[in-house]
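To start, the structure under review is shown below, and the notes come after it.
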Amino acid sequence: MRQRREELGLSQEDVASRLRISVRAYGNWERGLVKEWTDRKLLALAEALEMSERQCFWLFRVMVDRDPPPTWRAAEESRLPQDPAQRDYLVDYAALMEAVPYPSFLVDHRWDVALTNSAFDRLFQSVRPHPTALPDDNFLRFVLFHPDAAAVLEDHEPAWCVPLLARFATALAEAPEDEGLRSIRQEVARDPFMEAAYRYGVPHWLTTHGESAAELDGAVRTVRHPDPGWGLVRCRMVAESSRMLEGMGLTRITLVLSAPQGLPAGPVRGGGGFPQQQGARLRAVPPLGE
């Protein structure tokens, strides 16, 4: 509860106000001094802490060892802007992302995920539930703390953890008072492996590869395709933002996956493959034979 509250940058007074209870009563909630957790209390808490459906699931599982009631509706709109024009834009932008055959997602400066497309969901479909580190909840937490991250992201530590920790260090330096970023920093400090990577691995890596190596746009990584027939595939990260997205503090990241050598570039049966490549080429580069 405290971790989620800190992620949102809320004080105990803020959450108590949302719950319409005293600060002392909410403090007892965080300390576990509750005689009985009712559905009403847990659902109100999930709403106050803007929990996703998965987070609410784990809240019920941890507190009362059962699933939430079927009437629960996730507060997925909590990350959407209040401005109607921006909300309408994101609705249309979601349709645009869905038309892209590659995994694509929108993140803010904390790496909280605002939107994903179906290709993104397919890439991480084998990932097991986790209370705080799901790929469609916070991508940085997923990379750093989810036990299944290395099963999807090849060369997990050097190719994914260290570069993202470098980006995180930059974000934290730019906004040292941001509660969400500080909460992630505290989690890193509690993990001896990640703390060593943050304090020693990142500076050494930047000295060796240069500051530009921490940039995501254009970086080439390797991922494991969900179709076993494809196995490991090359992945180029493309980071971009429009004027409207910048106004909302969002960046779009697309993982452009390439077919392994020796395999056709067209989609495989089941719709989980890659798009046809024959139709697109650089205008300034003539095809072979011209």
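What are the residues in segment 220-245 that are closer than 20 Å to LEU164 by Cβ and part of a loop (DSSP other than H, G, I, E, B), if any?
Selection gives SER241 alone.
In segment 211-233, what residues are out of contact with any Ser or Thr (no Cβ under 8 Å at 6 or more places or on another chain) and open to solvent by 40 Å² or more (accessible area, probe 1.4 Å)? Step through it out loud before you land on a result.
Step one: filter segment 211-233 for residues out of contact with any Ser or Thr (no Cβ under 8 Å at 6 or more places or on another chain), giving 211-213, 215-225, 227-231.
The answer is GLU211, SER212, GLU215, ASP217, VAL220, THR222, ARG224, ASP227, PRO228, GLY229.
Please work out which residue is surrounded by the most Cβ atoms within 10 Å (Cβ to Cβ), limiting yourself to segment 129-141 and to residues that are closer than 20 Å to PRO163 by Cα and modelled with pLDDT under 90. Spell out how you get there, then give the answer.
At the first step, the residues of segment 129-141 found to be closer than 20 Å to PRO163 by Cα are 133-141.
Cutting the leftovers down to modelled with pLDDT under 90 gives us 133-134, 136-137.
Values: ALA133: 20, LEU134: 22, ASP136: 17, ASP137: 19.
Among those residues, the one meeting the criterion is LEU134.
Any residue at all in segment 174-186 that's at pLDDT below 95 and in contact with a Ser or Thr (Cβ under 6 Å, 6 or more places away or on another chain)?
No, there is no match, as no residue in segment 174-186 is at pLDDT below 95 and in contact with a Ser or Thr (Cβ under 6 Å, 6 or more places away or on another chain).
In segment 190-219, how many are among the acidic types (Asp, Glu) and part of a helix (DSSP H, G or I)? Talk me through it step by step, then tell me what you get.
Of the residues in segment 190-219, the ones among the acidic types (Asp, Glu) are 191, 195, 211, 215, 217.
With the extra rule that they be part of a helix (DSSP H, G or I), the set shrinks to 195, 211.
Here the count works out to 2.
Have a look at TRP111, TRP72 and point out the one that is open to solvent by 20 Å² or more (accessible area, probe 1.4 Å), modelled with pLDDT of 90 or more and within 30 Å of LYS41 (Cα to Cα). Spell out the reasoning first.
Details: TRP72 fails: modelled with pLDDT of 90 or more.
Of the residues listed, the single one that is open to solvent by 20 Å² or more (accessible area, probe 1.4 Å), modelled with pLDDT of 90 or more and within 30 Å of LYS41 (Cα to Cα) is TRP111.
What number of residues within segment 210-246 are in contact (Cβ under 8 Å) with a residue 60 or more places away in the chain and of a type in the set (D, E, K, R)?
Of the residues in segment 210-246, 2 are in contact (Cβ under 8 Å) with a residue 60 or more places away in the chain and of a type in the set (D, E, K, R).
Checking the conditions here, which among ARG54, ARG2, ARG18 is open to solvent by 90 Å² or more (accessible area, probe 1.4 Å), under 22 Å from TRP111 (Cβ atoms) and modelled with pLDDT of 80 or more?
Working: ARG54 fails: modelled with pLDDT of 80 or more; ARG18 fails: under 22 Å from TRP111 (Cβ atoms).
Matching residue, one of ARG54, ARG2, ARG18: ARG2.
Each row is one residue, and each column tells you yes or no for (1) free of Cβ contacts under 8 Å to residues at least 12 places away in the same chain; (2) touching a helix residue (DSSP H, G or I) at 6+ places or on another chain (Cβ under 6 Å); (3) aliphatic (A, V, I, L, M).
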position	(1), (2), (3)
ALA114	no, yes, yes
PHE120	no, no, no
LEU123	no, no, yes
ARG128	no, no, no
PRO131	no, yes, no
ASN138	no, no, no
LEU144	no, yes, yes
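Considering only residues of segment 21-40 that are in contact with a helix residue (DSSP H, G or I) (Cβ under 7 Å, 6 or more places away or on another chain), outside any loop (DSSP other than H, G, I, E, B) and open to solvent by 40 Å² or more (accessible area, probe 1.4 Å), which is nearest to TRP58 (Cα to Cα)?
Once the filter is applied, the top-ranked residue is GLU30.
Which of (1) open to solvent by 50 Å² or more (accessible area, probe 1.4 Å); (2) outside any loop (DSSP other than H, G, I, E, B); (3) within 25 Å of GLY231 (Cβ to Cβ) is the odd one out, the single condition SER126 does not satisfy?
Among (1) open to solvent by 50 Å² or more (accessible area, probe 1.4 Å); (2) outside any loop (DSSP other than H, G, I, E, B); (3) within 25 Å of GLY231 (Cβ to Cβ), SER126 violates only (2).
For PRO147, state whether it is more than 18 Å from ARG236 (Cβ to Cβ), open to solvent by 10 Å² or more (accessible area, probe 1.4 Å), at pLDDT below 90 and under 15 Å from the mean Cα position of the chain (by Cα).
On the way: more than 18 Å from ARG236 (Cβ to Cβ): yes; open to solvent by 10 Å² or more (accessible area, probe 1.4 Å): yes; at pLDDT below 90: no; under 15 Å from the mean Cα position of the chain (by Cα): yes.
Spelling it out, it is not the case that PRO147 is more than 18 Å from ARG236 (Cβ to Cβ), open to solvent by 10 Å² or more (accessible area, probe 1.4 Å), at pLDDT below 90 and under 15 Å from the mean Cα position of the chain (by Cα).
The values are calculated or read from the model by the stated rules, or taken from the named source; none is laboratory data. Since the model is a prediction, treat every value here as computed from it, not as a measurement. No Cβ is skipped: glycine too gets one built from the backbone with ideal geometry, and neighbour counts run over all protein chains shown. Remember, those area values only see protein heavy atoms, side chains included, never the ligands or the DNA or RNA. Shrake-Rupley method; radii C 1.70, N 1.55, O 1.52, S 1.80 Å.
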